[in-house]
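Note sheet for the following structure.
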Amino acid sequence: MGPHNSIRGLLYETLFGLLASTGLRISEALSLRISDVDLRRSILIIRRTKFGKSRSIVLHPSTSKALHQYLNQRKLTRAASDEDAYFFIGLRADVLGKRLGGQQVCRVFRALRRELGWVNRGTHHAPRIHDLRHSFVVRRIILWQQQGIDVAHEMLSLSTYLGHASIAETYWYLQAVPELMAASAKQFEMCMPEVNDA
């Protein structure tokens, strides 16, 4: 992504990677301040969430590394980098250092989606940024199933991690996901051997 000598490509790679690897809402990522990103401890502090609560997000080492690389390059823009400065910032001269706008992020996402030839697999006309959050949840649950972890037991932790006010909101993400249905059917067959004998 241009222009040349800009960190624009790195900014969006980092932002979209953060959304995919943590399941954050786009509004939460864009509201991050430098003080909310503790790379020494690999933790994000999510403040003023959708439901007015704050929570901590533990980061995978690869995510911390990507955020650290972005932060180092961000410093070269000469935008404010004090603790209260926004983490993801506009880069044009007229918006340098200001909070990156959600509409701008959506325009970039749509352009990348078209360029990459992404097609929709769901009920919407095209993949959306929010689908990164959905994919995060589905991948986590599939991984738990593959590891033999009791998914029902872990759902409350996942719900808290995502910042949901109710666990029902987390279960909503699981509707009509073929991979989860296949894994659930396999677990059911293992628990009910007489079904296989029929």
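Modelled this way, with points 7 Å down the Cα-to-C-beta line, the labels at residue 13 and residue 68 are 1.7 nm from one another.
Across region 89-96, computed HN-Hα scalar couplings (Karplus, 6.51 cos²θ - 1.76 cosθ + 1.60, θ = phi - 60°) run 10, x, 10, 5, 4, 6, 10, 4 Hz from first to last residue, x flagging Gly and Pro.
Modelled spin labels at residue 92 and residue 106, positioned 7 Å past Cα toward Cβ, are 1.7 nm from each other. Here the Karplus relation 6.51 cos²θ - 1.76 cosθ + 1.60, evaluated at θ = phi - 60°, turns the backbone of region 155-168 into coupling constants of 4, 5, 4, 5, 4, 5, 4, 7, x, 7, 6, 9, 5, 4 Hz, with x for every Gly and Pro. Packing around the peptides 61-72, 127-138, taken as the average count of other Cβ atoms within 10 Å per residue, puts them in this order, highest first: 127-138, 61-72. The calculated FRET efficiency for residue 80 paired with residue 115, based on their beta-carbon distance and R0 = 25 Å, is about 0.20. Backbone geometry of region 72-86 corresponds, through the Karplus equation with coefficients 6.51, -1.76 and 1.60 at θ = phi - 60°, to 3J(HN,Hα) couplings of 4, 6, 4, 4, 6, 6, 6, 6, 3, 9, 6, 4, 8, 6, 5 Hz, x marking Gly and Pro. Need the C-alpha centroid separation for region 70-92 versus region 96-117, integer Å. Result: 18 Å between the Cα centres.
Read the figures in this text as sums done on the coordinates, not as results from a lab. Here the structure is a predicted model, which means the values were calculated and not measured. Heads up, the Cβs are rebuilt from the backbone with ideal geometry, glycines too, and the neighbour counts pull from every protein chain shown.
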